[in-house]
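J.: Handing you a structure now.
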Amino acid sequence: MDNHVTTHQAEEDRRNETVLIYVDGALKPRAEATVSVFDSGFMLGDGVWEGLRLYNGRWAFLDEHLDRLFEAAKAIDLDLTMDRAGFVDALEQTRAANDMHHDVHARLMVTRGVKSRPFQHPSLSRQGPTVVIIMEHSKPSLPRPIRLATVPHIRGLPMTQDPKLNSHSKLNCILACIAAEKAGADEALMLDVHGFVNTTNACNFFIVRKGTVWTSTGDYCMNGITRAKVIDLCRAHDIPVFERNFSLVDCYGADEAFLTGTFGAQTPVGEIDGRKIGDGEMGPMTKRLRDLYYSHVLETV
């Protein structure tokens, strides 16, 4: 059996050993880029984040990422203190300092900041927020399609932890990923509260059946920007696309399956619960959508 792979697998790049990381306005070497043990993100997972990709010197869909960041911050009552222009400037400072131009991934993280005491109440976060940007040379490198295993973990209900939030609290998804790995897969396929297929622990999920593209209703999954772009591209190019409830039976009989996310764009799925999907390789619809996506990215940056 092939070695385990991940949806965020990238080519090794020695330049990443010397990257500078943005921490609250300062650019620091990796070894010095630290936050306090009293930081709300470290202590409680209290924060939100965005992942972005750089193409030809520009961040793809930057406005949409900032919209999602500010909406998430408002939802958790987190005062970002920095405006949109400030975040753009922080990204540009970090990009320029690292002389980065293409095939770059950035993780922009904002927490509620340093707490005065090690307890939960948000009023104890009196030195916030903490803003960190980790930027790396990152060219996706996937040796084979992803294998998925269905797990018992589900994404949360809106009244517990709304799955639309890109929050630092990822333990539920990490446990799902661990369960999938122990089952011999690369990533977890997670169902919604009604038992319908929903998402994976890290990416949005699509299947292709008889020339039509299906994804979940969106009620219980991350509001993925790449997910939305794929849906828009389908509609723009007369590819039937449905946001609907569907089951594992529909997945096992699918012609193709793929994942979407900022890092890997469209990642083919070759196997679900030991069942080969299609011929186990990237299917023609996945390839077409990947080509359309990259053309769209290059038109917009």
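The values are calculated or read from the model by the stated rules, or taken from the named source; none is laboratory data. Please read all numbers here as calculations on a predicted model, not as lab measurements. For neighbour counting, all protein chains shown are included, and Cβ atoms are generated from backbone atoms with ideal geometry for every residue, glycine included.
J.: Would you please name the residue that is nearest to residue 142 (Cα to Cα), looking only at residues in segment 1-33 that are modelled with pLDDT of 95 or more and crowded, with 17+ Cβ neighbours inside 10 Å?
T.: Filtering segment 1-33 for residues that are modelled with pLDDT of 95 or more and crowded, with 17+ Cβ neighbours inside 10 Å, the one nearest to residue 142 (Cα to Cα) comes out as 19.
J.: Let me ask you something else. What are the pairs, 6+ residues apart or on separate chains, where a residue within segment 236-264 that is charged (D, E, K, R) has its Cβ under 9 Å from a residue that is surrounded by 18 or more Cβ atoms within 10 Å (Cβ to Cβ) and part of a helix (DSSP H, G or I)?
T.: Once the first residue is charged (D, E, K, R) and sits in segment 236-264, its partners that are surrounded by 18 or more Cβ atoms within 10 Å (Cβ to Cβ) and part of a helix (DSSP H, G or I) give 243/231; 255/285; 256/285; 256/286.
J.: Right, something else. Of all residues in segment 209-243, which are of a type in the set (S, T, N, Q) and either touching a Pro at 6+ places or on another chain (Cβ under 8 Å) or more than 21 Å from residue 71 (Cα to Cα) (or both)?
T.: 212, 215, 216
J.: In segment 34-64, how many residues are buried (at least 23 other Cβ atoms within 10 Å of the Cβ) and over 28 Å from residue 226 (Cα atoms)?
T.: Residues meeting the conditions: 2.
J.: In segment 46-88, how many residues are within 22 Å of residue 124 (Cβ to Cβ) and either free of Cβ contacts under 8 Å to residues at least 24 places away in the same chain or aromatic (Phe, Trp, Tyr) (or both)?
T.: The number of residues fulfilling the criteria is 2.
J.: Within segment 148-204, how many residues are of a type in the set (D, E, K, R) and closer than 16 Å to residue 48 by Cα?
T.: Matching residues across segment 148-204 total 3.
J.: Which residue out of 269, 297, 249 is surrounded by fewer than 17 Cβ atoms within 10 Å (Cβ to Cβ) and either assigned to a loop (DSSP other than H, G, I, E, B) or of a type in the set (A, V, I, L, M, F, W, C) (or both)?
T.: Unique residue meeting the criteria: 249.
J.: May I ask you to verify whether residue 257 is over 14 Å from residue 209 (Cα atoms) and touching a helix residue (DSSP H, G or I) at 6+ places or on another chain (Cβ under 9 Å)?
T.: No; evaluated as a whole, the condition is false for this residue.
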